Amino acid sequence: MIFHYLMRRMFLLSFVFVALTIFAFSLGYLFPGDVLSNFTGLRNISPADEIVLRQQLGLDQGYWQQYIYFNQRILDGNWALSFSSQQNVLDEILNVMPATLELASYALLLSLLIGVPFGIIAAVRKDKWLDKLISGFALVGYSIPTFWWALLLIMVFSLTLGWLPTSGRLSVLYEIPRLSGFMLPDILGSDAPYRNEALFDAIRHLLLPSLVLATYPTTVMIRFTRESMLDVLEQNYIKTARAKGLTRLQVLYKHGLRNALLPVTRQVGLQFSTLITLAMITEVIFSWPGIGRWLIDSIYQRNFPAIQGGVLVVSSLVIAVNMFTEILHTLLNPLARK
């Protein structure tokens, strides 16, 4: 049964990726300008080179053959050239993607560490003052615009108190060799004499953008965990456990917590999608060199090959994470498997 479920999911995932590549391919025709330039990123193409490139890309053939050539170039890593830098779009994406993944991962971890415990506390203390306080803070955090919240934190902690930096991933005083593109692991893996100082500086740079990015998913986790826990606490097996004489803590830990957190695993994938979207705003405000800021700059520059590649990568990442969390939730939840 699980094998058939996984096969259905893989078929659905393949279908979604095909639809995504068709959309990315069609962008070359939807963007203004010459189709050949949109697919290659080259400008001022000579007539002789134009003939050769059209044959290589299949632009002298039907749309189906062009789509096949497009997928072949994607698999080969030939993602056209960026209008602004004349570098391969894939190389630029691989250069900026770790910064976004690092920021989104820490923000997601922060939202789980804060949202899940506070959601459980709110459910256990239902209709008490603590529940109302947590729910009120969750409602306020859910309603705050991301850009306003980011500017407010910058004004308080950076400009007024001077505790935290306003932009970037690391101070220019420290030079860390790039190993993986993830700043904290690269610092820990380096042998620089100022490694501890650089690590502390990187954490200071990471605090504000992570807090801003984690605000919205934290409020969602609080509300979702609270509702899930309240639903579990009303089940008959919880009432039976209480009737057997188990303490409230034993009922909560052994019977309630495990079943209440199962639906939360599905929310992780959904909130990761939200984090990638909100990262575009956060990275622009904090000058964080991730794919969100890179995409925004590409839009301003009308860098069509970069937009095409960025949309393809970000969409594929979001779809893959959502599908993975859905499969994980099904494997962990016996009721979902049935």
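The values are calculated or read from the model by the stated rules, or taken from the named source; none is laboratory data. Computed from a predicted model, the values in this text were never measured in an experiment. No Cβ is skipped: glycine too gets one built from the backbone with ideal geometry, and neighbour counts run over all protein chains shown. For accessibility, only protein heavy atoms count, side chains too; no ligands or nucleic acids. Shrake-Rupley method; radii C 1.70, N 1.55, O 1.52, S 1.80 Å.
Couple of notes before you dig in:
- Given a 1.4 Å probe and the protein chains as shown, residue 50 ends up with an accessible area of around 60 Å².
- At full extension, residue 23 and residue 236 could sit 71.8 nm farther apart than now, given 0.36 nm per residue minus the alpha carbon distance.
- For region 94-300, the dipole from Cβ point charges (+1 on Lys and Arg, -1 on Asp and Glu) about the Cα centre works out to 1180 debye, to the nearest 20.
- Between 12, 213, 278, the residue with the greatest mean-square fluctuation in the GNM of the chain (Cα pairs under 10 Å linked by springs) is 12.
- Comparing 157, 25, 304 in a Gaussian network model of the chain, where Cα atoms under 10 Å apart are tied by springs, the biggest mean-square fluctuation is seen for 157.
- Beyond 25 Å, the tail of the calculated P(r) for the chain holds 63 percent of the Cα pairs.
- Simple rule: put +1 on each Lys or Arg Cβ and -1 on each Asp or Glu Cβ in the chain, find the dipole, and look at 330, 107, 215; the Cα lying farthest toward the positive end is 330.
- Per residue accessible area in Å² of the chain, where ligands, DNA and RNA are left out and the probe is 1.4 Å: 55
- For region 189-265, the set of GluC sites (Glu not before Pro) satisfying both a DSSP loop assignment and a count of at most 15 other C-beta atoms within 10 Å is given as 234.
- Gain upon complete extension [residue 10, residue 61; 0.36 nm per residue less C-alpha separation]: 15.2 nm
- Taking Lys and Arg as +1 and Asp and Glu as -1, the other residues whose beta-carbon sits under 14 Å from that of residue 236 total +1.
- Surface composition of region 197-281: carbon and sulfur atoms hold 61% of the protein heavy-atom accessible area at a 1.4 Å probe.
- Contact order relative to length of region 45-131, as percent, for alpha carbon pairs under 8 angstrom and 6 or more apart: 10
- Protein-only accessible surface order, largest first, of 113, 130 at 1.4 Å: 113, 130
- Toward the positive end of the charge dipole of the chain, with +1 on the Cβ of Lys and Arg and -1 on the Cβ of Asp and Glu, the farthest Cα among 274, 189, 27 is that of 274.
- The charge dipole of region 1-150, taken about its Cα centre with unit charges on the Cβ of Lys, Arg, Asp and Glu (plus for the first two, minus for the last two), comes to roughly 860 debye.
- For region 2-108, the list of trypsin sites (Lys or Arg not before Pro) that fall in a loop by DSSP and count at most 14 other C-beta atoms within 10 angstrom reads 43.
- Fluctuation leader among 162, 62, 33 - the chain, Gaussian network, Cα springs under 10 angstrom: 62
- Alpha-carbon centroids, region 40-60 and region 138-211: separation in whole Å: 44
- Compactness relative to 2.2 N^0.38 Å, alpha carbon Rg of region 145-232: 1.41
- Kyte-Doolittle mean at least -0.5 and Cα axial length at least 30 Å: DSSP H helices in the chain: 2-30, 89-124, 195-233, 257-285, 304-332
- Region 2-76: Rg to Rh, with Rh as the Kirkwood radius over Cα pairs: 1.14
- Ranking 132, 244 by solvent-accessible area of protein heavy atoms (1.4 Å probe, all protein chains present), from largest to smallest, gives 244, 132.
- 222 nm mean residue ellipticity, helices alone, for the chain (DSSP H n ≥ 4; -39,500 (n - 2.57); rounded to 500): -24500 deg cm²/dmol
- In the chain, taking the dipole from charged Cβ atoms about the Cα centre, the farthest positive-side position among 116, 155, 44 is held by 116.
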